[in-house]
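The values are calculated or read from the model by the stated rules, or taken from the named source; none is laboratory data. Just so it is clear, the structure is predicted and the values come from calculations on it, not from any experiment. Because the Cβ atoms are built from the backbone with ideal geometry, glycine has one as well, and the counts that use them run over all protein chains shown. Remember, those area values only see protein heavy atoms, side chains included, never the ligands or the DNA or RNA. Shrake-Rupley method; radii C 1.70, N 1.55, O 1.52, S 1.80 Å.
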Amino acid sequence: MRAAHTLEIWRAHVDTLADRVAQLDTAATLSTPESVARARTAFVAARRAYKHVEVGLEYYVPSTSKGMNGPALPEVEESEGPEAVFPPTGFQVIEESLYGDDPLGEQDAVRQETATLRQLVTRARTMMQAQRATDDRIWDAAKLELARIVTLGLAGFDSPVAGHALGEADAALEGVARSLAPYRTDTPAWATLDSTIGAARAMLQAGTDRESFDHFAFIVDRLNPLARALRETRVALGIGTPTERRAFRMEAASVFDSAAFDVMAFAPLDAVPATAEAVALGRTLFHDLRLSGDGQRACSSCHIPENAFTDGLRVNTARGGSPLARNTPTVINSGVQLGVFSDLRTTYLEDQVTDVVENVDEMHGSLETSARVLSADRAVAARFAVAFAGQGAAADSVVTAARIRTALAAYQRSLTRLNAPVDRALRGDTSALSAEARLGFNVFVGKGKCATCHFLPLTNGTVPPMYQKSEVEVLGTPVRADTARGTVDPDVGRHRLSRAEPHRYAFRTPSLRNVALTAPYMHNGAYPTLESVIDFYNRGGGAGIGIGLDNQTLPPDPLNLTAGEQRNLVTFLRALTDTTGTGRR
């Protein structure tokens, strides 16, 4: 009954959203500055109404919700071919027009997008009417909304132009509180939940803008306690969690918890947790030259453990001595992202193994051949038998290509390290982070806009809170670290695979963890230092150094970071270092 009551609350909020969008549609006749002001007021009211019910829409109708409030970027449906590029819709498209340089000239676009938004809201209303809910799902939706607020909302992900992140986060928290109202009891757990929601909302309401907001304090002192209170109240009510596997673990309270992530949720559906023996075997194979065609190169030849699994080179050399196309990335934390390689050409680590081993420029080997060679090594074959005991293989096929892939992938997943000084500080040990690094964290989330692509806490481009898709971005990366009259690097990135124009020069957003140890930077190793990378972003990416790309997804406006803010940002990035037990000296 309580879950049904929450559904009715959400349906009423969708009705209110429909009314607010209709009012926005009426106000979208833009002829004077006064009319623009009225339209902006209507826009704020409409998106606040959306935020009140985001908790339910994102959980039960995520595709329609994305249509209403997704990024203002073309959507490529790669499975349908390179021409399947669909224009963005919804609030963010309207926001760009209403809050851009010439809103009066955007009247037709605003009216068209508002009409589309009304259709999407109508669809959401119909779909929500058909929904059924259970208590565990309602509380799971609330938990995910808290994660969405801290990883996307406060970073400015869905209010990149208007800058309404604080107010909209407040509205989203209000929506969570309203959603849980049917479960209210007169208990200490509820009193704590009420007070933590109230404290979080009060801090948001007291904030003036996202750039000056103390994001670090909000997470440590407000959002994390709220997430814990939410879990404790759910447990006190005797409500469980859904049973499916998810990257953000069901039992975790906050994405900043020490065990928040399940690496197996980033693995193929048929993958099973690796045994310690399989991980150890994978470590051995990582250094085994027999995986290469000529017996001269192992995984560790380029991914050097002592160098945080990079090689320190701009690009390494291919077989034959010519340069490879791209910089060698670290494999630390490669197990907590969806999609591998700079162009996301494989989804899982197992497929990455095949690609590298059999790549003519890299190892030029064959997993099937390697399996036969390793089978002849009795000691290695015995280790395979132990590592994969009970999995039904015949004795003559204990070493297989599939098992080589599995063992190497298991080893890479074992290199997940999420206990850097930043992590410890965000979990409450604030002494782990210097004052300068804390200021840098606030630049990262606030003025620097870094967290709009490098999503907290993993700092890669796999989109929270569901972690089911990884983003690619067009930065306008130059051939070399120029500061003016730059030339775009000719590597077209994801476009080589998708052939879709929005993907020309698009690359995966990499993790920034251990970034202080993995120079040089970018897919081509163009930038030698963190300071030079930050300077590139501070100028507006490629657009700021004379590279004019129509499809640059990085905002082209300068960030105007001061020298001190840039230094603090570097200090923060250095505090993302955790290579414990990986073999780095």
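Here are the numbers for this structure:
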{"item": "Those residues of the stretch 501-512 which are surrounded by fewer than 22 Cβ atoms within 10 Å (Cβ to Cβ) and farther than 16 Å from residue 554 by Cβ, in sequence order", "result": "501"}
{"item": "Selection within the stretch 478-500 - out of contact with any Gly (no Cβ under 7 Å at 6 or more places or on another chain), touching a residue at least 60 places away in the same chain (Cβ under 8 Å) and open to solvent by less than 50 Å² (accessible area, probe 1.4 Å)", "result": "482, 491, 493, 494, 498, 500"}
{"item": "Set 401, 410: member being within 23 Å of residue 296 (Cβ to Cβ) and small (Gly, Ala, Ser)", "result": "401"}
{"item": "Options 267, 298, 308; residue that is buried (at least 17 other Cβ atoms within 10 Å of the Cβ) and within 20 Å of residue 377 (Cβ to Cβ)", "result": "298"}
{"item": "Lone unmet requirement of (1) under 17 Å from residue 576 (Cβ atoms); (2) open to solvent by 20 Å² or more (accessible area, probe 1.4 Å) for residue 515", "result": "(2)"}
{"item": "Boolean, residue 140 is of a type outside the set (A, V, I, L, M), touching a helix residue (DSSP H, G or I) at 6+ places or on another chain (Cβ under 8 Å), assigned to a helix (DSSP H, G or I) and closer than 21 Å to residue 61 by Cβ", "result": "yes"}
{"item": "Cβ-Cβ under 9 Å pairs, at least 6 apart or on other chains, the stretch 272-287 side touching a residue at least 24 places away in the same chain (Cβ under 8 Å), far side assigned to a loop (DSSP other than H, G, I, E, B) and open to solvent by 60 Å² or more (accessible area, probe 1.4 Å)", "result": "275/389; 277/389"}
{"item": "Subset tally (residues that are surrounded by 15 or more Cβ atoms within 10 Å (Cβ to Cβ) and either farther than 19 Å from residue 303 by Cβ or of a type in the set (Lys, Arg) (or both)) for the stretch 348-380", "result": "7"}
{"item": "Residue that is farthest from residue 142 (Cα to Cα), among those in the stretch 34-61 that are in contact (Cβ under 8 Å) with a residue 24 or more places away in the chain and open to solvent by 20 Å² or more (accessible area, probe 1.4 Å)", "result": "40"}
{"item": "Options 146, 180, 166; residue that is in contact (Cβ under 8 Å) with a residue 12 or more places away in the chain, closer than 16 Å to residue 227 by Cα and under 22 Å from the mean Cα position of the chain (by Cα)", "result": "146"}
{"item": "Number of the condition not met by residue 2 [criteria: (1) within 25 Å of residue 141 (Cα to Cα); (2) without any contact (Cβ under 8 Å) to a residue 12 or more places away in the chain; (3) of a type in the set (D, E, K, R)]", "result": "(2)"}
{"item": "Pairs, first closer than 21 Å to residue 567 by Cα and in a loop (DSSP other than H, G, I, E, B) in the stretch 537-550, second open to solvent by 10 Å² or more (accessible area, probe 1.4 Å) and not hydroxyl-bearing (Ser, Thr, Tyr), C-beta under 8 Å, six or more apart", "result": "539/558; 540/554; 540/555; 540/556; 540/557; 540/558; 540/559"}
{"item": "Qualifying positions in the stretch 70-105 - surrounded by 22 or more Cβ atoms within 10 Å (Cβ to Cβ) and either closer than 14 Å to residue 162 by Cβ or modelled with pLDDT of 95 or more (or both)", "result": "90, 91, 92, 93, 94, 95, 97, 98"}
{"item": "Qualifying residue in the stretch 471-494 (condition: in a loop (DSSP other than H, G, I, E, B), at pLDDT below 95, touching a strand residue (DSSP E or B) at 6+ places or on another chain (Cβ under 9 Å) and charged (D, E, K, R))", "result": "yes"}
{"item": "Any hit, the stretch 99-117, residues being part of a helix (DSSP H, G or I), closer than 30 Å to residue 498 by Cβ and polar (S, T, N, Q)", "result": "yes"}
{"item": "Criterion violated by residue 31 - all others in (1) farther than 16 Å from residue 93 by Cβ; (2) part of a helix (DSSP H, G or I); (3) of a type in the set (Gly, Ala, Ser) satisfied", "result": "(2)"}
